[in-house]
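Here the structure comes first, spelled out in structure tokens, and everything after it is commentary.
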Amino acid sequence: MKKASFHFLRVGLAITFLWIGVLIFKNPEAWGGYLQPWAAGLLPIPLAQAMIGTAILDVAIGAFLLIDFLPWLAALVGAIHIIIVLTVSGITDITVRDIGLLVAALALTIDSLPQEVLNKIWFVKKQQTQWMGQSPEIK
């Protein structure tokens, strides 16, 4: 059973992504104003359509997190999305909030990775330490 802190983090991120998605749906042009001009110039579609796509992604991430379906994947996609947001929006007054969300999404990703993935990572680490002549004990 996962700890209560995992569920608080998962639901908190879910609400955040859902809320932002709904806000973007309500006024995509205003949210498009956060993009740096160089980033907006790279879009192959109108800015409003790109922001609607962003809203759909935010709602999907939030929904997956809320229902606890593949939370590691939803959190990973959310983290990548936030990295892109940080890249295309530049340093602003809300950058610190986005960094907090990024770290929370990464923590949730790591904490919810499937055991098979963790076993593979551990096995690779074990092989590397044995190859280097070290004890296979991982701390």
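Bear in mind these aren't lab numbers, they're just calculated from the coordinates by the rules spelled out. Here the structure is a predicted model, which means the values were calculated and not measured. As a convention, Cβ positions derive from the backbone with ideal geometry for all residues, glycine included, and neighbour counts pool all protein chains shown.
Kindly provide the trypsin sites (Lys or Arg not before Pro) of the range 1-67 that DSSP labels as loop, not H, G, I, E or B, and whose Cβ sees at most 15 other Cβ atoms within 10 Å.
Answer in residue order: Lys2, Lys3.
Return a whole-number percent for the relative contact order of the range 1-93, with Cα pairs under 8 Å and 6 or more residues apart as the contact set.
Normalised by residue count, the contact order of the range 1-93 is 37 percent.
Give the Rg/Rh ratio for the chain, taking Rg as the radius of gyration of the Cα atoms and Rh as the Kirkwood radius, to two decimals.
Expressed as Rg/Rh, it is 1.10.
Less than 16 Å from a label point 7 Å out along the Cα-to-Cβ axis of Leu118: which backbone N atoms in the range 1-32 qualify, by residue?
Answer for the range 1-32: 1-7.
Return one number: the angle in degrees, 0 to 90 and rounded to the nearest 10, between the long axis of the Cα atoms of helix 4-26 and the longest principal axis of the Cα atoms of the chain.
20
Compute the helix-to-body angle for 115-131: its Cα long axis versus the longest principal axis of the chain, expressed 0 to 90° and rounded to tens.
Between helix and principal axis, roughly 50 degrees.
Grab the DSSP H runs of the chain that are 4 residues or longer, score each as -39,500 (n - 2.57), total them, divide by all residues and round the 222 nm result to the nearest 500 deg cm²/dmol.
-25000 deg cm²/dmol
Once all Cα-Cα distances of the range 1-77 are split into 10 Å bins that start at 0, what whole-number percent is in each one?
Final binned percentages: 20, 41, 26, 11, 2.
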